[in-house]
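Scroll down for the structure; my scribbles are underneath it.
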Amino acid sequence: LSELSGVPTEYISYSEGKSFPVGISCLDIENKLKWYSITSDSPYSSGLYNDGYVIYYKDNRETMKELTDKERSEIQKTEEKRQRKKKEEIKKDMCLIILYCNHPVSGKLKKSFLEVHKDELLPTVLDKAYELMKLAPHIPIERCRLVKYDYECHEMEQSLDCNEVHNFQHLTIGQIMDLVGCYSLFLFLETRKENEIFEKYNAGSGCGLLPIITS
């Protein structure tokens, strides 16, 4: 603790216990704990390795005091700024998917938008697309897959399962977007009947024209 904090050993007191709620003050924490000096006989060695316990320490040369309203306001502003920055960083890592599907019940084309983190693997994206399009219980997810889709021509462009070049199942959605060279990805949530086999689509093959029924 002395090496970690830079406080000489003779000035350190420590305690152990469970973690406290975020809103509790430092004074309340200090009052709720039983403090020991480093050199005194204490349960330090026996309690240090208990799962879920936290080791607290303080510098006995400093007096604990409550924050002023101004200090609380400054801390709150700093935290809000940190949270905004964190949200902006997360947003930069999000990928927009424009998702289409011929719903098995209505038979009509559905369109929706799905935002996923760039590090999500394709099977995870499929799970989210399946839930978004509300295909359960009408068709099991095992009879669904994602296909890169040309929305202007209503045409399947590229199967996103195993092929001779890429095993898309082991790529993140960000890596797939880099491969196809796009900032937003148009995908089709394709379904099949129980005894059907998915057709293989390759980019530039010109196959995969769909009969689309719009509302």
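The values are calculated or read from the model by the stated rules, or taken from the named source; none is laboratory data. Here the structure is a predicted model, which is why all the values come from computation and not from measurement. Note that we place each Cβ from the backbone using ideal geometry, even for glycine, and neighbour counts take in every protein chain shown.
So is Lys85 surrounded by fewer than 12 Cβ atoms within 10 Å (Cβ to Cβ), modelled with pLDDT of 70 or more and in a helix (DSSP H, G or I) or not? So Lys85 fits the description; yes. Summed over segment 115-127, the residues that are within 18 Å of Lys91 (Cα to Cα) and either among the basic types (Lys, Arg) or over 14 Å from the mean Cα position of the chain (by Cα) (or both) give a count of 1.
So that you can scan it fast, the table gives a plain yes or no per residue for (1) in contact with a strand residue (DSSP E or B) (Cβ under 6 Å, 6 or more places away or on another chain); (2) assigned to a helix (DSSP H, G or I):
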residue	(1), (2)
Lys77	no, yes
Cys95	yes, no
Glu131	no, yes
Lys134	no, no
Pro137	no, no
Ile176	no, yes
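Taken as a whole, the condition of being exposed (fewer than 14 other Cβ atoms within 10 Å of the Cβ), at pLDDT 85 or above, in a strand (DSSP E or B) and not aromatic (Phe, Trp, Tyr) applies to Lys111.
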